[in-house]
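The values are calculated or read from the model by the stated rules, or taken from the named source; none is laboratory data. Just so you know, these numbers come straight off a predicted model, no measurement behind them. All Cβ positions, glycine included, derive from the backbone under ideal geometry; neighbour counts span all protein chains shown. Surface accessibility is based on the protein's heavy atoms, side chains included, excluding ligands, DNA and RNA. Shrake-Rupley method; radii C 1.70, N 1.55, O 1.52, S 1.80 Å.
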Amino acid sequence: MIDAAALRTRLADVRARIVRAAGRAGRDPAPIRLVAVSKTFSADHVRAAAAAGHTDFGENKVQEALQKIAQTSDLPLTWHLIGHLQSNKARKAGAEFSMIHSVDDASLVGKLDEAAQAAGRTVQLLVQVDL
């Protein structure tokens with residue numbers, strides 16, 4: 001059972017900690033994006049967090065994420081793919097995720113772009129560069 005009140009309280013606490021940390025660093029907290037990692041949690045948990053005002057969710061497995069994305073498609077959520085992306089999953093990821101963290105292979109960029117264009121969307125990428 002999901003305790004919606006406790007979830008709202010915990011979410012408010014995390015947001016307050018972000019504001020305090022941003023203040024200590026001399027940063028504006030407004031552009032800081034909190035991504036709730038929803039792996040191992042059900043779509044019902046995502047819905048409960050969304051009802052508490054949260055919109056950004058992260059998953060690290062494309063197949064599991066696609067199910068949750070479909071089950072919550074009626075909600076205005078932003079989905080993040082976190083962690084390593086395998087090239088054989090790039091087309092599905094490019095079509096469904098709003099942001100993909102840690103693209104570590106230049107060949108993935110073209111696949112992601114093609115998939116996003118075919119789906120009529122854009123995808124933000126965070127590129128990993130090893131020096």
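Across region 47-54, a minimum of one residue is classified as hydrophobic (A, V, I, L, M, F, W, C), over 19 Å from G120 (Cβ atoms), more than 11 Å from the chain's Cα centre (by Cα) and open to solvent by 40 Å² or more (accessible area, probe 1.4 Å). Filter region 113-131 down to residues that are closer than 14 Å to W79 by Cα, assigned to a loop (DSSP other than H, G, I, E, B) and not hydroxyl-bearing (S, T, Y), then give me how many there are. Adding up the residues that qualify gives 2.
In the condition set (1) crowded, with 16+ Cβ neighbours inside 10 Å; (2) without any contact (Cβ under 8 Å) to a residue 24 or more places away in the chain, S38 is compliant with all but (2).
The single residue among A5, A21 that is open to solvent by less than 80 Å² (accessible area, probe 1.4 Å), over 20 Å from the mean Cα position of the chain (by Cα), over 26 Å from N60 (Cβ atoms) and not polar (S, T, N, Q) turns out to be A5. Just one of the listed residues (D105, D44) is among the acidic types (D, E), closer than 23 Å to V127 by Cα and open to solvent by 50 Å² or more (accessible area, probe 1.4 Å), namely D105. Among the residues of region 55-77, those identified as among the small types (G, A, S) and surrounded by fewer than 19 Cβ atoms within 10 Å (Cβ to Cβ) are A70, S73. Selection within region 78-94: residues that are open to solvent by less than 30 Å² (accessible area, probe 1.4 Å) and in contact with a helix residue (DSSP H, G or I) (Cβ under 7 Å, 6 or more places away or on another chain). The member of this set that is farthest from R33 (Cα to Cα) is A90.
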